[in-house]
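Chemist: What follows is a structure written as structure tokens; I'll ask about it next.
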Amino acid sequence: MADGYSNFVNNGFGKKLAKQIGLPQPPVLRRYEVGQDLLDGPAAVGTVGSGVVGSTAAAILRGSGADVVDATAEATYSDKLGAFVIDVTAATKLSDLETFREIAIPAVKALGRSARVIVMATTPSALDDVEAAATAQAFEGITRSIGKELRAGGSANLFWIDPDAQGDAAVLEAPLRFFGSSRSAYVSGQPIRIRKHAVTEVADWHQPFAGQVAVITGAARGIGAQIARVFARAGAHVIAVDIPAAGDALSKVANEIGGTSLGLDITSPDAGAKIAEAVARHADKLDVIVHNAGITRDKLFVNTDEARWNSVVDVNLGAQFRINEVLLDPATKGGLKDGGRIVSVASTSGIGGNRGQANYAASKAGVIGMVRELSEKLADRDITVNAVAPGFIETDMTSKIPMATREVVRRLNSMMQGGNPIDVGEAIAFFAEPGSAGVTGQVLRVCGQSQIGA
Ligand code: NAD
């Protein structure tokens, strides 16, 4: 699963050779370590017009220990910036795009390695005026383009903030801390909507799940094992679920993180009840369910038989429905609490489709449909429902892809490399955090801004 090319061109002789003959050098991404500073350098924070979100963001960043400098069109930066954050929520005229350009260019030029650009705009669908909606939407094109131009592991992401959420610091903090930090190493070019919602105060941002119970399916290996590690690191008691045949690997993960293992085929009719029973041994109610278990049975659509079709749809989608139904029943002991979190793993194949994966893409697009609809239905119980859509992640699943195809897919993204399972784990943890109460019905691609599956 190692990316041999990346290792070669980032070390010793390979590094020199790559520089001399102009080979692409995938940057080494800054990734989260416990206790790490949020930013690797000061943040420049700017505002176009009369937006109020910029000063809120500056206060949050200062509160996290970061140095904050004012970003203006005339600004000169003596240090390499760790982040550039700009409030464009008040941009309603096309001429505001020019003001953005003037402020942003000096800041983007001053960005250091693995720096973050965060553009905070008003949700376009919340705007009545046509020019205002067009201006707000323009920032999606700008942000995605900057993401594609950044090198050295930088990322650019966009917040769509609802007008009634713009005065609310609490709802902004978790998104800012995720997209501003190294936890979002492999997320770029992505918009995410932030709504108004009451948020409970987070005592320790390194341990947001302290005292919580989280169930992670497919946790014996790959992405699921890393999700389990991220949740345990952040304070959760993890109930790690995987098929009985993966029992040894599952126990190993559970023991390593002080969690509980539960050998269970998620497609079995009593899977929801078994999960609830396991939860009830630790707590009355469950805080987080992460639907990660998934399979592929690739074939061209015209050659896909009933077994390949049904097994993929059932593991990747049907099982989630049945388990949710049990966990969401208020009468279920060990069911999901009001204010709880559901996070599903989709795929960029479910967004863009993929040759040989009609069954898989159906299941993953279905996950996206489920998440969007369920989030509306569960809003009055304060349960958020979101999905991550990984692109190419280095796991056993992707190691089966033929070498030539694998090498192409690895490079065709803004980071010029595959993601690590931990990158998906960090994004899922962001959705599940108590501070992310204002983020629901969202699908976040963790794909290094891949051009595949677009
Ligand atoms: P993986 O094959 O390495 O791990 C999947 C785990 O799910 C395995 O441990 C497996 O035993 C378990 N599982 C499968 N069927 C199960 C069942 N019926 N009951 C319980 N457990 C079951 O895969 P991965 O790469 O870690 O993928 C994890 C998730 O991420 C999947 O949903 C996958 O579709 C998705 N995904 C992966 C990638 C990637 O690049 N690896 C990209 C997009 C999406």
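Chemist: Quick check: the distance between the Cα centres of region 311-352 and region 179-240, to the nearest angstrom?
Modeler: Centre-to-centre distance over Cα atoms comes out at 17 Å.
Chemist: Between residue 113 and residue 23, with labels modelled 7 Å along Cα→Cβ, what's the label distance in nm to one decimal, could you check?
Modeler: Using points 7 Å along Cα→Cβ, the separation is 1.9 nm.
Chemist: Which stretch or stretches of region 401-438 have amide N atoms under 17 Å from the point lying 7 Å from residue 355's Cα along the Cα→Cβ direction?
Modeler: It comes to 401-412, nothing else.
Chemist: Tally Lys and Arg at +1 and Asp and Glu at -1 over the other residues with C-beta under 14 Å from the C-beta of residue 352: what net charge comes out?
Modeler: Local net charge: +3.
Chemist: While we're here: In the neighborhood of residue 23, defined by Cβ-to-Cβ distances under 15 Å, what is the net charge if each Lys or Arg adds +1 and each Asp or Glu adds -1?
Modeler: +4
Chemist: What is the diffusion coefficient of the chain in µm²/s, taking the Kirkwood radius over Cα pairs and the Stokes-Einstein relation at 10 °C with a viscosity of 1.306 mPa s?
Modeler: Rounded to a whole number, D works out at 71 µm²/s.
Chemist: Name the residue from 180, 197, 237 whose Cα lies farthest towards the positive end of the charge dipole of region 154-237, charges +1 on Cβ of Lys and Arg and -1 on Cβ of Asp and Glu.
Modeler: My answer, from the dipole projection, is 237.
Chemist: Find how much the distance from residue 207 to residue 399 grows on full extension, using 0.36 nm per residue of separation minus their present alpha carbon separation; answer in nm with one decimal.
Modeler: Contour length minus the Cα-Cα distance gives 65.9 nm.
Chemist: Now, a different point. Can you bin region 77-209 into rounded, prolate or oblate? Criterion: square roots of the alpha carbon gyration tensor eigenvalues sorted a ≥ b ≥ c, rounded for a/c under 1.5, prolate for a/b above b/c, oblate for the rest.
Modeler: Oblate.
Chemist: Which order, highest average first, do 167-175, 365-373, 265-273, 153-161 follow once you tally other Cβ atoms within 10 Å for each residue and take the mean per peptide?
Modeler: 153-161, 167-175, 365-373, 265-273
Chemist: For a quick protection proxy, order the peptides 275-281, 403-409 by their average other-Cβ count within 10 Å, most packed first.
Modeler: Sorting 275-281, 403-409 by mean packing, highest first, produces 275-281, 403-409.
Chemist: So, by mean Cβ neighbours within 10 angstrom, what's the order for 210-216, 250-256 with the highest one leading?
Modeler: 210-216, 250-256
Chemist: Still on this structure, please answer the following. Quick one: if the Förster radius is 35 Å, what FRET efficiency do residue 372 and residue 16 give, using the C-beta to C-beta distance and rounding to 0.05?
Modeler: 0.10
Chemist: If you stretched the chain out fully between residue 248 and residue 151, how much longer would it get, using 0.36 nm times the residue separation minus the C-alpha to C-alpha distance?
Modeler: Residue separation times 0.36 nm, minus the Cα-Cα distance, leaves 30.8 nm.
Chemist: Given only helices, namely DSSP H runs of n ≥ 4 each adding -39500 (n - 2.57), what is the per-residue ellipticity at 222 nm of the chain, to the nearest 500 deg cm²/dmol?
Modeler: Mean residue ellipticity, 222 nm, calculated: -11500 deg cm²/dmol.
Chemist: Region 40-142: which GluC sites (Glu not before Pro) are DSSP loop and have at most 13 other beta-carbon atoms within 10 angstrom?
Modeler: 74
No lab work stands behind these numbers, since they all come straight from the coordinates. What you see is a predicted model; the values in this text were computed from it and never measured. Cβ atoms come from the backbone with ideal geometry, glycine included; neighbour counts cover every protein chain shown.
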